[in-house]
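Structure first, then comments.
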Amino acid sequence: MDKKNKNMLSWLHQGVSFLFIHMRGDTHGERMESLYKKQAKYYDHSRQKLLLGRKPMLKAVSKYMGEFCKTRVWVDIGGGTGENILKMAEFLDISWFKHIYVVDISPSMCKEAQRAMTQFPNVTVCCEEASKFRPSEKVGLVTFSYSLSMITDTFNVVDSVLSYLADDGVVAICDFGVSSKNDVFYRKHSYLKRWFWPAWFDFHGVDLTPSKRQYLEYKLTLIEEHYNTGSIPWIPFSKVPFYFFIGVPKDTTLQRATLVHPYNIEINTSSVVPSGVNDLLYTYTIEDPETDNKWMDFTPKPDKHHILLLTSGGDNVLKWVADERFDSVTCVDLNMNQNFLLEWKIACLQAFDKDTVWQLLGLGRHKDIDTIWNTISTELSPGAQFFWKTRLQFFKEGLYFQGNYGYFIKIMIFIAKLAGLYNVIQKQIETPSQQNLNRIRNSLVVRMLLNWKWYILEKPILWTLMGIPKKQIEHIYQNQTLSEYVQNVMIGMIEHLSWNDNYFIKVLLSGEFAPSCHPPYLNDECLIRFKDDKVWKRLTILCDYFVNALNKKKYTRVIMSDHLDWLDKDGLHQSALALKNALTKDGIASLRSAALEPAYISIFEQHGFQCTRVAIHKPVMDRLNSYASYYILKIKD
């Protein structure tokens, strides 16, 4: 019989076994043997497309061996045929382990494991119950690969494992599983999934009760987790949820994600906006970092700076992370999706070469985004995984056309094409000339925008659709009308700004950057630095209110952007007090506002700040000119 027919027969045999064989027996061991006796020979081949979490889990846990975990003993609970050992060999030399125990309760599976493990002298196959297994030495790694859900006395087994786990030990689990009714957003399942999949798997003696995972979270410190869905080959259109979980003993000083990411992520679950309530507002940062560089004096005096800023599109965060003048960079955003965008950019910068990074973050497109996702998905936090796995089409349509500001870019490009100016604008960005500038300046659309009073621009609903809140619109009205505001922005942009090497205008009018015109973090020098994990150790990403970030530590520089335009009177007083306590003696803060003279400046003056307006958008404030004013704040002596 040729290999193709043999594989087909084994697949059909396994499908029949999986769908129709009932477990029989009085003890757990008897029931497992009745299930696997006729499957053992074909088990590994037929499970390749079903047990999708196994390989990512082994890849993830392998990086802790030697770096964090020095104890070179591995126990694979419910190890079956020993396939996990063969899979681990793809990521780690099996000879690194002094001893490996494959523990399984089914004699038929153990027989297959003994046959497969003859090539590894450091592997011992143990045919016994997991709760009764006791190694003669401390263990550095314990794995459960689709076995925890089939163990009936889960709590006893977990307690038993922890009794022989070394202080530097790691526990890794991958399995099918559903969420509880009230669970965190990135692993929460619908009622139908929470009912159907436990009922289906119960037919095969598999318990998907969420309490199994919850007990692990109670007993261990979680350092990495991943949630996804996969198909069952014998059930068309099925998507069964699975996960992997990596934890360490509770008394370990490690914090969640400190091993997964070289940077630190902190989420205040009591204050973050749930995913889906607010989607992305910005896919790139519209605040010009050179304005901050000009007015905030980042020269070390004598120590390096500690800076706090809003995450927004993440571009300025990445610029400051690559800057050697900063000892720590803390970014905060209440909309966690903005932080998920930053995580995506960081993962791309770390994982890919210059050309791939340019496609993803320069052009915002990639023809093989599914391969990109498979490469970096496990490098993201669970929340970021949840967010991006349903938004990969962003990189087919163009990343910078997404989010609320992406709609504005589409409108700008539509107007430019309608006016016959699109190609002229692109030429002006690439090779500026007075002739092209005059064509743009004298076009009917531009003359209408600059000289007419557009009543539609006075409608707040139009601004709200672009992500601008009501309170910020009120700030504009303090000194000018909405149409006057737009005209001042455009006059500055057309009459006074250089379009050459202006990446803000480039992306605004084309939806992508250019090799000679892009955010600083895409420079060759920065791309090289980003490959070094030491650079990222200075970064902390917070999902929280800005005022809570101010209360966490001292900063030498604080960039508040237009954050204060969004706050009510109580929030402004709280922010002023928190800023005064957070700034060091010689600290400097900055703010941008849609108002030429924000009324809340007096609140900061009441709290002891010297507030100086250093730039306005008449004629021009920065390379986009989208804000009306820029202030520097210092604590009065």
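No value in this document is a laboratory result; all are computed from the given coordinates. The shown structure was predicted, so the numbers you read here are calculated from the model rather than taken from an experiment. Methodologically, a virtual Cβ is constructed for each residue, glycine included, from the backbone with ideal geometry; neighbour enumeration extends over all protein chains shown.
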* Structure fact -> Which residues qualify? For Lys618, with a placed amide H closer than 5 Å and at least 5 residues away or on another chain, they are none
* For Gly79, enumerate residues with amide H under 5 Å from its amide H, sequence gap 5+ or separate chain, H modeled in the peptide plane. => Val103, Asp104
* Summing +1 for each Lys or Arg and -1 for each Asp or Glu, what net charge is found among the other residues whose Cβ lies under 11 Å from the Cβ of Val446? -> +2
* For Gly313, distant residues with modelled amide H under 5 Å away -> Thr285, Ile286
* Structure fact -> For 621-632, 416-427, 400-411, ranked highest to lowest by mean beta-carbon neighbours within 10 Å, the order is 621-632, 400-411, 416-427
* Going down the list Lys219/Lys553; Lys304/Lys531; Lys354/Lys531; Lys63/Lys534; Lys301/Lys585, which pairs span over 19 Å between their C-alpha atoms? -> Lys219/Lys553; Lys304/Lys531
* Around Ser626, what is the net charge, scoring Lys/Arg as +1 and Asp/Glu as -1 over all other residues with Cβ under 14 Å from its Cβ? -> -2
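Using a 10 Å cut-off on Cβ atoms, rank the peptides 207-214, 352-359 from the highest mean neighbour count down.
So the peptides 207-214, 352-359, ranked by packing, come out 207-214, 352-359.
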* To do: Using a Förster distance of 45 angstrom, determine the FRET efficiency expected from the C-beta separation of Ser95 and Asp368, and round it to 0.05.
  => 0.80
* Whichever aspartates and glutamates have a C-alpha closer than 12 Å to that of Lys396, once near sequence neighbours (fewer than 8 apart) are set aside -> Asp368, Asp370
* Asked: What are the ³J(HN,Hα) values, in whole Hz, obtained from phi via the Karplus relation 6.51 cos²θ - 1.76 cosθ + 1.60 with θ = phi - 60°, for each residue of region 417-425 in sequence order, with x given for Gly and Pro?
  -> 5, 4, 8, x, 9, 4, 5, 5, 4
* Structure fact -> Filtered hits (aspartates and glutamates, Cα-Cα < 14 Å from Lys580, offset >= 8 within chain) -> Glu605, Asp637
* Asked: So which GluC sites (Glu not before Pro) in region 302-390 end up in coil per DSSP with only 10 or fewer other C-beta atoms within 10 Å?
  -> Glu324
* To do: Could you run the Karplus curve 6.51 cos²θ - 1.76 cosθ + 1.60 with θ = phi - 60° over region 611-621 and give me ³J(HN,Hα) per residue in whole Hz, x for Gly and Pro?
  => 10, 10, 7, 10, 7, 9, 8, 10, x, 7, 10
* **Net charge of neighbours whose Cβ lies under 11 Å from the Cβ of Lys506, counting Lys and Arg as +1 and Asp and Glu as -1** => -2
* Can you spot the aspartates and glutamates whose alpha carbon is less than 18 Å from Lys506's alpha carbon? Ignore those fewer than 8 places along the same chain. => Glu287, Asp288, Glu290, Asp315, Glu397, Glu430, Glu495, Asp622
